[in-house]
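Below: the structure, in structure tokens.
Read-outs throughout are calculated quantities, based only on the coordinates presented, and are distinct from any laboratory measurement. Remember, predicted model here, so these are calculated numbers, not experimental data. No Cβ is skipped: glycine too gets one built from the backbone with ideal geometry, and neighbour counts run over all protein chains shown.
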Number of protein chains: 2
Amino acid sequence: MVTSIVVADRRVRKTGAMDTKTTPIDANEPWMRELHADTGYLLYRLGLRSGQLFNSCLQESGLRLRHYAVLRFLATCEGALQRELSARLGYDPSAIVGLVDDLEKAGFAERRPSPDDRRSRIVVLTDPGRAFLRDIDEAGLRVTNELLDPLDPAERETLHALLLRIVQDGPT
Amino acid sequence: MVTSIVVADRRVRKTGAMDTKTTPIDANEPWMRELHADTGYLLYRLGLRSGQLFNSCLQESGLRLRHYAVLRFLATCEGALQRELSARLGYDPSAIVGLVDDLEKAGFAERRPSPDDRRSRIVVLTDPGRAFLRDIDEAGLRVTNELLDPLDPAERETLHALLLRIVQDGPT
DNA sequence: CGACAACTATTGACGTCACCAATTATTGCT
DNA sequence: AGCAATAATTGGTGACGTCAATAGTTGTCG
């Protein structure tokens, strides 16, 4: 059960963001502890918020979060089959088709025929794609900073290490 | 009414779909560290996985993750206006309508007229709803255990505390 | 060698979800 | 009384997940 979760009681006032009627949320209130008693559910909620923030960064580029995920993966592997993208990112193969179509149309990636297997296509990152990814990564850091605002650098480090441990098995 | 929740997920492991060419994933490899260098992106990815696992638990009940979120919130506040649900959960007001419709149809929640304001409806959890929520919570714990498998109890505790700190401002 | 199973990429269909605009009923303000 | 604001609702559009089906290709086995 939830035993001793000590939470710093700092109410961060966010410059006129939600000005409607929301009372400030305090994690020390009992209903709040009960609401987020489960870590998995907590991860789901935070992932949602993080994804929304990332998407708002990407919206002027015309691409979305899934494109960013593909680009990010391509930057690590110097060419990948579409079926690898599907398996590693957890997206349906049919979804990959559209995503790579969009990236190709934007000039950020290319499909090349595989020398081994004429069924497969190898998707590679182009130079403009690499440049774009660098820009977006920079914006991503700003998002992350905003999200992790309540945490000090040491805490962010431990959080990152823990999350990395969890993600290491299963789809990337 | 009783939901026998079986976490039989035929979803991910589809007859060794990944074992053709995928090497086992090791978080220590450089490409892996680079892929997950950003904590915000990492949160997004893990939130996705967590949400998928939760959804696979809920799929036989006919409800989905968003219904669970509403029920979970209702369990903490003894009745809420729909606009409160919208603000706190971050869902669009129009989405709340459908969700509460479904919950009412399933007998897990009720709309009651507000004595103060005849525009508002107060949504309350029913007894069957409370029972259902208990069952689901139990399944949720199994999901969380599966997800947090690489972490020992102390690490899970710190992770939970850190995530709780992050979630305390902004929409629940 | 030839029939056949398995696989890759692709397309199309169906339901869900997020986001926005518009509507109705009600309230508060002045 | 008049009028802006609000709560719930409806409808539309585009993105998204999942599944089924197809064409082209590969490997296997009789």
Checklist entry - Packing-wise, with mean Cβ within 10 Å as the measure, how do B:67-76, A:118-127 rank, highest first? => result B:67-76, A:118-127
Checklist outcome for this item: Averaged over the residues of A:154-164, the number of partner chain Cβ atoms within 10 Å of each residue's own Cβ comes to 6
Checklist entry - Across peptide A:49-56, how many C-beta atoms of other chains are within 10 Å of each residue C-beta, on average? => result 5
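Inside 10 Å of the C-beta atoms of A:136-149, what's the mean count of C-beta atoms belonging to other chains?
That average works out to 3.
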Next on the checklist: Taking θ = phi - 60°, what integer Hz values does the Karplus form 6.51 cos²θ - 1.76 cosθ + 1.60 yield along region B:55-64, in sequence order, with x for Gly and Pro?
Outcome noted: 4, 5, 5, 8, 5, 7, 7, x, 9, 10
Checklist entry - Going by a ≥ b ≥ c, the root eigenvalues of the Cα gyration tensor, does region B:49-172 fall in the rounded group (a/c under 1.5), the prolate group (a/b larger than b/c) or the oblate group? => result prolate
